[in-house]
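The next block holds one structure in the form of C-alpha cells; read it before the comments.
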Amino acid sequence: MASTFGSFEIAKSGMMAYNNKLQVVAHNVANIETKGYSKQVTNITSVVGQRNSFAVQGYGVETVSITRTRSEYFDTKFQQTQSKFSKYETEAYYLNSLQDAICGDVTADNKSRILDAFDDFYAALSNLKGKPNDKTVRTQAVEVAQTFTKFVNDMATKMQQLQEEANVAIKTCVDQINAYAERITSINKQINTIEMYGATANDLRDQRSQLIDELSKICNVEVVEEEAPDGVGDPQYCVYINGGILVDTYRMNQLEVVQKDTYSNINDIEGCYNIRWSNGADFPLHNNLMGGQLQGLIEMRDGNNSTALEGVIGGLTNAPQDEGGNLKLTLTDANCNDVQLLNIPASNGEIIVSGRTYAYDSFEVKVGADGKFTYEFTLSTKVDAADAKVLQNAMAKGYTVSTAERVEARGIPYYMAQLNEFVRTFAKEFNTIQNEGLDLHDEKGIDFFNAKVPATGENYVMVEKDANGFDPSFSSTRPQVDAATGKYVGSYYYMTAANFCVTDEMIGDPGKIAGKLPYDDGSETGNDQGENIERLTKLKDKSDMFVHGAPDDFIRSLTASLGVNGRKAISLAESQGNLLYAIDTNRQSISGVDEDEEGANMIIFNHMLTCQYKVLSVLNEVLDKLINGTAV
C-alpha cells in the first residue's frame with residue numbers, strides 16, 4: 001500500500017505541473033503581439049516508481065520540458081519565398097522609377113514624355129518648311145530642339161541618380177547583413193550557455209529565427225544546426241549566404257564594401273561598390289542564386305542585358321616611355337563594330353581576362369577598310385610576371401576577353417545604352433543632312449546636334465564617316481584637332497544622353513539651320529524653297545534608321561519594353577507576395593498564439609490546479625481524522 005505522505009507528493013507534483021502550464025499560457029498570451037514569437041507548450045509525463053506483482057506504483061507527474069511549436073519546413077519555405085518577393089519588389093520599384101524618368105509621371109494626366117518632346121521638335125521644324133527664311137520660326141525651332149535635348153539630359157541625370165540610390169542601398173544591405181550576423185553570434189552564445197544545463201532557450205531561439213527571417217529579405221539564407229562532432233563541444237549553428245559562410249556558431253565572417261576605381265559603362269556613376277568577404281574570399285556579385293533585395297539592387301545597378309564588348313587578344317606591346325611604358329592590349333574579332341552601340345568607359349575601364357580584371361587608362365579604335373574595329377587598350381599599371389603569363393596564355397589559346405561582366409537583367413546601364421544609341425544615331429543622321437545643305441548666309445551647314453569636350457566645354461566638329469564610308473577611327477581620351485579650324489574633331493562615341501546638346505553656334509545664330517540645297521552646278525548659293533528642311537523632316541519617318549524602325553518606333557519600343565518589364569516585376573512580386581501570405585498563414589497556424597485556444601487552456605489548467613488543491617485538502621482531512629480523531 002502506498003504511503004499516505006506519498007499521496008501528498010503526488011498532489012504536489014500535479015500542482016507544480018499545472019502551475020507551470022498556467023505560467024506558460026500566461027507567457028503566450030503576453031506575447032501575442034510579439035513579432036517572431038512562437039507558441040510554447042509544457043510537456044509533462046507520469047513519474048513511474050517501483051513495480052510489484054500487482055501494479056506499478058505511480059509517483060505523480062513531472063514537467064519534462066517547455067518547447068516552442070515551430071515547423072522547420074514552413075520556416076524554410078517562408079524564407080525562400082520572402083527572398084524572391086524582396087527581389088521582385090526591388091526590381092519593380094526601380095523599373096517603375098525608370099519608367100517615370102523616361103515617360104514622365106505615368107499617373108498624371110499632364111505627363112511629359114520623351115516622345116512628346118521629340119514630336120514637338122519636329123512640329124517646330126515642320127513649321128519652318130513653309131517659312132524657311134523666317135528668323136522667328138528658326139529661333140523657335142532651335143529653342144524647341146534645346147528643350148528636347150534638355151529632356152534627354154534630364155532623363156540621363158535621373159537614371160544616374162537611381163543608380164546612385166541603388167549603390168547606396170547596396171551598402172546599407174551589407175551593413176544590415178553584418179549587424180544581423182553579429183546579433184546571431186551573440187544569441188548563439190546565450191543559447192548554448194542556457195541549454196548546456198538541460199533547459200531550452202525558447203525565447204532566444206525565437207529571436208534568432210526572427211533575425212534569419214529578416215536576413216532572408218536581403219538575400220537567400222541557408223541554416224545548418226547540428227550537434228558538435230563526436231558529442232564534444234558546443235552545438236554548431238551555421239548561416240550561409242551566396243555560397244559563403246556568414247556565421248559559424250560564435251564566429252562571423254563580415255562583408256566589406258569597397259568603392260571601385262574603375263567603371264563598367266560609359267555612363268556609370270563614380271564609386272560603385274564591390275562586395276567581398278573580410279577574410280579575402282570572393283563574393284560573386286552577379287550570382288543568380290543570391291536572391292533577395294541585394295540581388296535586385298545589383299541587377300538594377302549593373303544590368304546590361306548580357307551585352308558587353310568581347311573579342312580576343314590580338315597582340316601585347318609596351319607603350320612608349322613618354323606614354324608611361326604600360327602594356328597595350330589589342331582586341332580583335334570584336335562583337336561591336338558600330339560606334340553608336342559602344343558604351344565602354346573612355347578611361348578607368350575594365351578588361352576581364354581569364355577571371356582577372358585589369359584596369360585601362362584609355363583606348364583607341366582603328367577602323368579597317370572592311371569596317372571592322374580593332375581596339376587598343378593602354379593598361380593603367382605595369383603588369384607583374386604572373387599577370388603577364390595569364391595574358392600571354394589567353395592570347396595564345398584565343399580566349400574571349402570582355403570589358404564588363406554580362407548581367408542578364410535589364411537594369412539602368414541597359415536603358416542608358418538605349419538612350420545613347422538613340423541620340424547618337426539620330427544626331428548622326430540629322431547632322432549628315434544638315435551638313436549637306438546651306439544656311440541663310442549661303443554657308444555650308446554646321447552640326448545641329450553636338451556634345452561638349454569635357455576639358456574645355458567646347459563643341460566638337462562631328463565626323464559621320466571616313467573615306468570608306470565607315471565610322472572614323474578615334475581615341476577615347478585624345479580627340480583629334482582640326483589643323484585648319486583648331487576645333488576638336490569628334491566621333492559620335494563622345495556623344496551620350498548626358499551631354500547631348502544643340503551646337504552653341506546654332507543657338508547663337510538660328511540662321512545656320514541649313515534649309516537650302518546647293519544648285520545642281522555645285523555653286524555656293526542655294527535655292528530658298530526649304531528643300532533641305534523637307535529632307536530633315538522626313539527623317540522622322542525613316543524606317544531603316546533603327547532595327548526597330550523610325551525614331552518614333554525606337555522610342556515606343558523602348559518605353560513599351562520598360563513598361564512590360566515593370567509590369568512583369570510587379571506581377572511576380574504580387575504572386576510571391578500572395579504565396580508568402582499563404583505560407584505565413586500556415587506557419588502561424590502552427591507557431592502562432594491563438595487567443596481563444598489559450599483562453600480555453602487557461603480555464604482547463606486552472607481547473608486542474610484546483611483539483612490538486614482539493615486532493616491536498618482531502619488528504620489533510622484523512623490525516624487529521626487518523627491522527628486526531630482516532631487518537632492513534
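Structural size metrics of the chain, computed from C-alpha coordinates, are Rg and Dmax of 37.3, 148 Å. In the chain, the DSSP beta bridges split such that about 95 percent are antiparallel, to the nearest 5.
Can you tell me the relative contact order of the range 482-623? Whole percent, Cα pairs under 8 Å, sequence separation 6 or more. Intermediate results must be reported in sequence, preceding the final value.
Numbers: 51 pairs, mean separation 10.4, N = 142.
Computed value for the range 482-623: 7 percent relative contact order.
Quick check: the angle from helix 4-30's long axis to the longest principal axis of the chain, C-alpha only, nearest 10 degrees? Relative to the chain, helix 4-30 is tipped by roughly 20 degrees.
Kindly provide the helix-only [θ] at 222 nm of the chain, computed as the sum of -39,500 (n - 2.57) over DSSP H runs of four or more divided by all residues, to the nearest 500 deg cm²/dmol?
Values: 12 runs with 287 residues, N = 632.
Computed ellipticity for the chain at 222 nm equals -16000 deg cm²/dmol.
Taking label points 7 Å from Cα along the Cα-to-Cβ direction, residue 251 and residue 190 give a separation of 2.4 nm.
Measure nothing but the geometry: give the 0 to 90° angle between the long axis through the Cα atoms of 202-218 and the longest principal axis through the Cα atoms of the chain, rounded to 10°. Tilt of helix 202-218: around 10 degrees.
Along the axis of the charge dipole computed for the chain (Cβ charges of +1 for Lys and Arg, -1 for Asp and Glu, origin at the Cα centre), the listed residues 619, 246, 342 are led at the positive end by 619. Computed extension gain for residue 69 through residue 341, at 0.36 nm per residue and net of the alpha carbon distance, reaches 92.1 nm.
Would you please name the trypsin sites (Lys or Arg not before Pro) within the range 436-481 that are DSSP coil residues with at most 16 other C-beta atoms within 10 Å of their C-beta?
Taking the range 436-481 and a limit of 16 other Cβ atoms within 10 Å, the loop trypsin sites (Lys or Arg not before Pro) found are 465.
Relative contact order, whole percent, for the chain stands at 18, derived from Cα pairs under 8 Å and 6 or more residues apart. Seen from a random direction on average, the alpha-carbon convex hull of the range 487-632 projects onto 23.0 square nanometres. For the range 17-96, chymotrypsin sites (Phe, Trp or Tyr not before Pro) are listed when DSSP marks them as loop and at most 14 other Cβ atoms sit within 10 Å of their Cβ; the list is 54. Putting +1 on Lys and Arg Cβ atoms and -1 on Asp and Glu Cβ atoms, find which of 578, 513, 591 reaches farthest to the positive end of the dipole of the range 479-629. After comparing all options, I get 591.
For the chain, give the magnitude of the charge dipole about the Cα centre (Cβ charges: +1 Lys/Arg, -1 Asp/Glu; no others), in debye to the nearest 20.
Dipole about the Cα centre, nearest 20: 1660 debye.
Looking at the range 256-350, the GluC sites (Glu not before Pro) that sit in a DSSP loop and have at most 16 other Cβ atoms within 10 Å of their own Cβ are 270.
Distance between the C-alpha centres of the range 116-136 and the range 144-170: 27 Å, rounded to the whole angstrom.
Look at where the Cα atoms of the range 542-613 and of the range 479-514 average out, and the two centres are 52 Å apart. Helix 72-103 axis versus longest C-alpha principal axis of the chain: approximately 30°, rounded to the nearest ten.
Provide the gained length on full extension for the span residue 568 to residue 507, in nm with one decimal, where the gain is 0.36 nm per separating residue minus the Cα-Cα distance. Could you put the intermediate results ahead of the total?
Working: separation 61, 0.36 × 61 = 21.96 nm, distance 4.30 nm.
Roughly 17.7 nm would be gained on extension.
Counting heavy atoms of the protein chains alone, residue 604 has an accessible area of about 90 Å² for a 1.4 Å probe.
The values are calculated or read from the model by the stated rules, or taken from the named source; none is laboratory data. Treat the numbers as computed from the prediction; the structure is a model and nothing was measured. Here the Cβ is made from the backbone with ideal geometry for all residues, glycine too, and neighbour counts use every protein chain on show. Each accessible area value is taken on the protein alone, full model and side chains, heavy atoms only, with ligands, DNA and RNA left out. Shrake-Rupley method; radii C 1.70, N 1.55, O 1.52, S 1.80 Å.
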